[in-house]
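Only the coordinates and a few stated rules stand behind these numbers; no lab work does. Being a predicted model, the structure only gives us computed values, none of them experimental. Note that we place each Cβ from the backbone using ideal geometry, even for glycine, and neighbour counts take in every protein chain shown.
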Ligand SMILES: [Zn+2]
Ligand SMILES: [Zn+2]
């Protein structure tokens, strides 16, 4: 069975070099739907608690929220960093609190201090699905991702992974020692 959850992301981007309005900087509220598949853990009668899927995903994905997402070769990138630098907000600001953990993958690098994500490819809805799967595939048994942004939407399905052992009391995945990281329950 599947547990399904949604996350809203507000971001600005543009399609550098694209022949259309999207080559201009603009913003969206994107909605990411994450579908996690596994057996039902009988103790909690759930595949996985949806709020825990959200927490795991949000820890990295908040880097995309209220963020600017630009392709690595976009000339706006040095121009914006120059402005942030002069304004003294490039390396953080007291009001910039909702920071995710910095990450660097093949497809994207997050700079939480200035709320910027630099991507290898244009950040279309399809591009976002590739980035998100890469970031979360080792943490969650994701079998489907859907991302909508304005009139654009894309989805992709992924192969099922091996079942994860979960806590019968709270449903979260047990760590490598068979212990629940949330309540301390231990597998006999
Ligand atoms: Zn757009
Ligand atoms: Zn537990």
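How many nm separate the modelled label positions at residue 85 and residue 126, each set 7 Å beyond the Cα in the direction of the Cβ?
Output for this residue pair reads 3.5 nm.
If I stretch the segment between residue 4 and residue 177 completely, what's the gain in nm (0.36 nm per residue apart, minus their alpha carbon distance), one decimal?
Full extension of this stretch gives 59.6 nm more.
Is the chain rounded, prolate or oblate when judged by the Cα gyration tensor, a ≥ b ≥ c being the square roots of its eigenvalues, rounded requiring a/c under 1.5 and prolate requiring a/b larger than b/c?
Since a/c reaches 1.5 and a/b is larger than b/c, the shape of the chain is classed as prolate.
Helix-only estimate, please: 222 nm mean residue ellipticity of the chain, summing -39500 (n - 2.57) across DSSP H runs of length 4 or more and dividing by its residues, to the nearest 500.
Dividing the helical sum by the residues of the chain leaves -6000 deg cm²/dmol.
Over the stretch 2-157, what is the relative contact order in percent, taking alpha-carbon pairs closer than 8 angstrom and at least six residues apart?
Reported relative contact order: 27 percent.
Report the extension gain between residue 18 and residue 77 in nm, rounded to one decimal, defined as 0.36 nm multiplied by the number of residues separating them, less their alpha carbon distance.
Full extension from residue 18 to residue 77 adds 19.6 nm.
Is the C-alpha gyration tensor of the stretch 1-58 telling us rounded, prolate or oblate? Criteria: a/c under 1.5 is rounded; beyond that, a/b larger than b/c is prolate, otherwise oblate.
prolate
Output the 0 to 90 degree angle, nearest 10, between the alpha-carbon long axis of helix 125-136 and the longest principal axis computed from the alpha carbons of the chain.
Helix 125-136 sits at roughly 50 degrees to that axis.
From the Cα gyration tensor of the stretch 103-169, with a ≥ b ≥ c the square roots of its eigenvalues, which class applies: rounded if a/c is under 1.5, or else prolate if a/b is larger than b/c, or else oblate?
Oblate is the answer for the stretch 103-169, as a/c is 1.5 or above yet b/c matches or exceeds a/b.
Under the definition of Cα pairs under 8 Å and six or more residues apart, what whole-number percent is the relative contact order of the stretch 82-188?
Averaging sequence separation for qualifying contacts and normalising by length gives 13 percent for the stretch 82-188.
Any chance you could give the angle, 0 to 90 degrees and rounded to 10, that helix 50-61 forms with the longest Cα principal axis of the chain?
30
Could you tell me the calculated FRET efficiency between residue 45 and residue 155, based on Cβ-Cβ distance and R0 = 35 angstrom, to the nearest 0.05?
0.80
Which angle from 0 to 90°, rounded to the nearest 10, does the C-alpha axis of helix 76-87 make with the longest principal axis of the chain?
90
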